[in-house]
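Student: Okay, here's the structure, questions in a sec.
The values are calculated or read from the model by the stated rules, or taken from the named source; none is laboratory data. Bear in mind the structure is a predicted one, so any value in this text is a computation, not a measurement. Counting neighbours? That spans all protein chains shown, and the Cβs are built from the backbone with ideal geometry, glycine included. With ligands, DNA and RNA removed, areas are computed over all heavy atoms of the protein, side chains included. Shrake-Rupley method; radii C 1.70, N 1.55, O 1.52, S 1.80 Å.
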Amino acid sequence: MPKTLEKQAIEIINIFIQTMQNNSYEKSAKMVVQLMHKSLLNRDKASLDSDTYRYQFKKAQSNAKHYAYPVKVTCIQKLKTTEIGHPSVGTYDKGVEYKLWIAKKSSSQGLPASLVLFFKEGTNEVKLSYVGSL
């Protein structure tokens, strides 16, 4: 992963983890909308879609407290994804996804967990595309 992309990814993940650790479930859900890829949002792009909200976001919110802040990236994997979303609902983008594993706090047991970020082709846009592994 190029260092400039890694820096952007770490900034997004740090904001995400800090938001999750310092706010309630409801407040965090509203605050992270700007960090999430539009394919995880409702059609109005103002809130998480119901599946994301009830499943991957819920899991991430309940487990974020176990991860170090600022984050420590332990592994990076480039995924084979070249497209995300669907054109019929206006969420389609071309780009690349990277999976970044982050370490837990020293007081928490267990292995690092991954977050997936999507880098939109031809732009500086970086968005979280999967958070359910925390």
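Student: So for each of 41-47, 105-111, 15-21 I average, over its residues, the number of other beta carbons within 10 Å; can you give me the resulting order with the highest mean first?
Tutor: Working: 41-47: 12.3, 105-111: 9.0, 15-21: 19.0.
With the highest mean Cβ count within 10 Å placed first, the list reads 15-21, 41-47, 105-111.
Student: For the chain, calculate the relative contact order in percent as a whole number, restricting contacts to Cα pairs under 8 Å that are 6 or more residues apart. The partial results should precede the final answer.
Tutor: Numbers: 236 pairs, mean separation 32.4, N = 134.
Once normalised by length, the contact order is 24 percent.
Student: With springs only between Cα atoms under 10 Å apart, run a GNM on the chain and tell me which of HIS66, HIS86, HIS37 wobbles the most.
Tutor: Of HIS66, HIS86, HIS37, the most mobile in the Gaussian network model is HIS86.
Student: Per the helix-only calculation at 222 nm, which mean residue ellipticity applies to the chain, given -39500 (n - 2.57) for every DSSP H run of n ≥ 4 and division by its residues, nearest 500 deg cm²/dmol? Intermediate results must be reported in sequence, preceding the final value.
Tutor: Values: 3 runs with 34 residues, N = 134.
Only helices count here, giving -7500 deg cm²/dmol.
Student: Would you please give the FRET efficiency between GLN8 and SER108, computed as 1/(1 + (r/R0)^6) with r the Cβ-Cβ distance and R0 = 22 Å, to the nearest 0.05?
Tutor: 0.25
Student: Now for a separate question. What does the accessible area per residue of the chain come to in Å², with a 1.4 Å probe and no ligands, DNA or RNA counted?
Tutor: Working: 7420 Å² over 134 residues.
Value returned for the chain: 55 Å² of accessible area per residue.
Student: List the residues of region 105-134 whose backbone N lies under 19 Å from a point placed 7 Å from the Cα of ASN22 along the Cα-to-Cβ direction.
Tutor: Residues 105 fall inside that zone.
Student: While we're looking at this one, here's another question. Rounded to a whole number, what % of the accessible area of the chain do carbon and sulfur atoms account for, probe 1.4 Å?
Tutor: Details: 3740 of 7420 Å².
Accessible surface attributable to carbon and sulfur in the chain totals 50 percent.
Student: Farthest toward the dipole's positive end in the chain, which of VAL73, ALA9, LEU111, given Cβ charges of +1 (Lys, Arg) and -1 (Asp, Glu) about the Cα centre?
Tutor: So the residue we want is LEU111.
Student: Continuing with the same structure: Once R0 is set to 25 Å, what does the formula 1/(1 + (r/R0)^6) return for the Cβ-Cβ distance between LYS65 and LYS30, expressed as a FRET efficiency to the nearest 0.05? Working shown, then result.
Tutor: Numbers: r = 19 Å, r/R0 = 0.76.
About 0.85, to the nearest 0.05.
Student: How much of the DSSP beta bridge set in region 3-130 is antiparallel, as a percent to the nearest 5? Intermediate results must be reported in sequence, preceding the final value.
Tutor: Details: 21 of 22 bridges.
If I count the DSSP bridges inside region 3-130, around 95 percent turn out antiparallel.
Student: Of the chymotrypsin sites (Phe, Trp or Tyr not before Pro) in region 67-100, which ones lie in a loop per DSSP and count no more than 14 other C-beta atoms within 10 Å?
Tutor: On the way: sites: TYR67, TYR92, TYR98; in loops: TYR92.
Passing sites in region 67-100 are TYR92.
Student: Which lysines does LYS78 reach when only Cα atoms under 24 Å apart count, and residues fewer than 8 places away in its own chain are ignored?
Tutor: LYS3, LYS7, LYS38, LYS59, LYS94, LYS99, LYS104, LYS120, LYS127
Student: I want to verify a result. In a Gaussian network model of the chain, Cα cutoff 10 Å, which of these has the top mean-square fluctuation: LEU40, LEU100, LEU79?
Tutor: In this elastic network of the chain, the residue with the biggest mean-square fluctuation among LEU40, LEU100, LEU79 is LEU79.
Student: Quick check on packing: order 127-134, 26-33 by the mean number of other C-beta atoms within 10 Å, highest mean leading. Let's see the in-between values first.
Tutor: Numbers: 127-134: 20.6, 26-33: 15.9.
Top to bottom by mean Cβ count within 10 Å: 127-134, 26-33.
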